[in-house]
Amino acid sequence: MLVGTVTLVSFTGYRGGQLSHGANHLTQFMPQQLRRLLEVSGSRHGAMNSADESLATFYDARIQPLFEGHCVTCHGPAKHKANLRLDTYAAVMRGSKHGPVIKAGDPKGSELFHRITLPPDDDDFMPAANRRPLSSSDVKLIEAWISSGASHTLAVDATAVVTAGQTIVAEVNFQEIDANAVAKERAAFAPILSQVQSRLPNVVGYQSRTSADLVLSASWLGAKFGDNEIVVLAPLSERIVAADFSGTAITDRSAPVLAAMKKLRQLRLAHTAISDATILELGSLDRLESLSVFDTGVSASSLSLFARLSKLQHVYAGQTRIAANTVIPPQLNGKLVF
């Protein structure tokens with residue numbers, strides 16, 4: 001069993017990844033001391049339970065995108081070898097027909113970690129031989145997540161770094177928060193937020209208790225959320241920093257609303273009917289760091305558009321019209337995941 005050092009460091013850079021979809025996400029427990037320190041609220045179940053509850057978690061932003069980019073072709077809704085699905089947190093923790101694949105706190109005792117660290121020529125190595133393997137940093141990230149408890153509630157602004165042989169230490173650095181300034185900023189759009197929340201309950205709320213930025217997840221509504229519903233969010237567009245529309249019924253008609261979300265850092269459009277027409281509209285999102293177009297109609301025509309987004313670090317483009325052997329612009333080297 002790995003005994004490690006877990007260092008939690010506030011960061012404003014990478015917020016890649018995405019919010020895991022589905023209405024039945026079950027959360028795991030974080031130590032109460034750490035919960036209070038990070039101001040993380042209690043469990044959530046796919047929808048947002050209050051306006052103060054953050055939807056963006058460490059798992060959603062850092063771990064689920066790895067599974068989605070490397071694993072769900074064989075372990076997703078359409079195909080699930082050994083009855084193992086890795087497309088949602090609940091499915092990951094449920095495991096396969098042979099039992100759990102994650103043992104919280106014990107990477108070496110976790111079947112999933114065992115499989116991704118086997119020699120590549122081993123028959124049991126994951127991902128399969130015809131799939132793009134995880135990088136060494138990806139493997140270390142999964143190891144860190146499992147070692148720290150395989151939580152689904154750890155805050156997105158905490159990076160877990162595990163070093164073997166050390167004692168557990170928590171070191172957290174946060175920017176100072178001016179509570180009065182945050183309250184004043186929230187008050188400026190509170191009436192609009194209240195109206196939107198009354199029309200779309202459990203979809204949009206504050207990123208954290210110390211932020212006036214907003215995050216939203218419409219994925220739990222599935223086909224009940226489409227182009228007509230997204231218009232309701234338009235008055236809040238400039239406040240939204242993370243948005244999950246995966247599995248909803250939005251189409252290219254929603255592109256203007258998406259393009260108005262100028263502060264977006266994370267955008268998840270997986271399993272929707274969007275195409276290159278939507279990507280063409282997103283060129284003004286100069287803060288975007290992570291984008292998922294997994295299982296959409298996006299083609300190689302969008303690659304040059306992705307390349308122009310200077311802060312974009314990760315594009316999840318599996319099961320799109322972009323062929324794996326497509327010539328990738330140099331600006332996207334190491335950023336595009338199939």
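The values are calculated or read from the model by the stated rules, or taken from the named source; none is laboratory data. Please read all numbers here as calculations on a predicted model, not as lab measurements. Every residue, glycine among them, receives a Cβ derived from its backbone with ideal geometry; neighbour counts consider all protein chains shown.
Only one entry in K311, K263, K224 is surrounded by fewer than 18 Cβ atoms within 10 Å (Cβ to Cβ), more than 24 Å from V196 (Cβ to Cβ) and not polar (S, T, N, Q), namely K311. Checking the stated criteria, I142 turns out to be under 24 Å from H314 (Cα atoms) and within 19 Å of the chain's Cα centre (by Cα). Candidates are the residues of the range 116-127 that are touching a residue at least 12 places away in the same chain (Cβ under 8 Å) and either loosely packed, with under 14 Cβ neighbours inside 10 Å or out of contact with any Ser or Thr (no Cβ under 9 Å at 6 or more places or on another chain) (or both); the one that is nearest to V72 (Cα to Cα) is M126.
Of all residues in the range 204-231, those satisfying the criterion of being farther than 15 Å from A273 by Cα and among the β-branched types (V, I, T) are V204, T210, V215, V231.
This table checks each residue for (1) at pLDDT 90 or above; (2) touching a Gly at 6+ places or on another chain (Cβ under 6 Å).
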residue: R287; (1), (2): yes, no
residue: L291; (1), (2): yes, no
residue: S299; (1), (2): yes, no
residue: A307; (1), (2): yes, no
residue: Q313; (1), (2): no, yes
residue: A317; (1), (2): no, no
residue: R321; (1), (2): yes, no
residue: G334; (1), (2): no, no
residue: V337; (1), (2): no, yes
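Taken as a whole, the structure leaves T251 outside the set of residues that are of a type in the set (V, I, T) and either buried (at least 24 other Cβ atoms within 10 Å of the Cβ) or over 29 Å from P329 (Cβ atoms) (or both). Residues that are under 19 Å from the mean Cα position of the chain (by Cα) and free of Cβ contacts under 8 Å to residues at least 60 places away in the same chain within the range 295-338 comprise D295, T296, F306, L309, K311, L312, V315, A317, T320, G334, K335, L336, listed in sequence order.
Of the residues screened, A90 is one that is touching a residue at least 60 places away in the same chain (Cβ under 8 Å), of a type outside the set (S, T, N, Q) and outside the structural domain of Q266 (by TED's automatic domain parsing).
Yes or no: the range 103-112 includes at least one residue that is of a type in the set (D, E), assigned to a loop (DSSP other than H, G, I, E, B) and within 17 Å of the chain's Cα centre (by Cα). For the range 103-112, residues of a type in the set (D, E), assigned to a loop (DSSP other than H, G, I, E, B) and within 17 Å of the chain's Cα centre (by Cα): absent. If you go through the range 85-102 and keep only what is in a loop (DSSP other than H, G, I, E, B) and over 23 Å from the mean Cα position of the chain (by Cα), you end up with K97, H98.
For every residue, the table says whether it meets (1) at pLDDT 85 or above; (2) closer than 23 Å to T320 by Cα.
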{"site": "Q32", "(1), (2)": "no, no"}
{"site": "L55", "(1), (2)": "no, no"}
{"site": "H70", "(1), (2)": "yes, yes"}
{"site": "G76", "(1), (2)": "no, yes"}
{"site": "K81", "(1), (2)": "yes, yes"}
{"site": "R85", "(1), (2)": "yes, yes"}
{"site": "P100", "(1), (2)": "yes, no"}
{"site": "L118", "(1), (2)": "yes, no"}
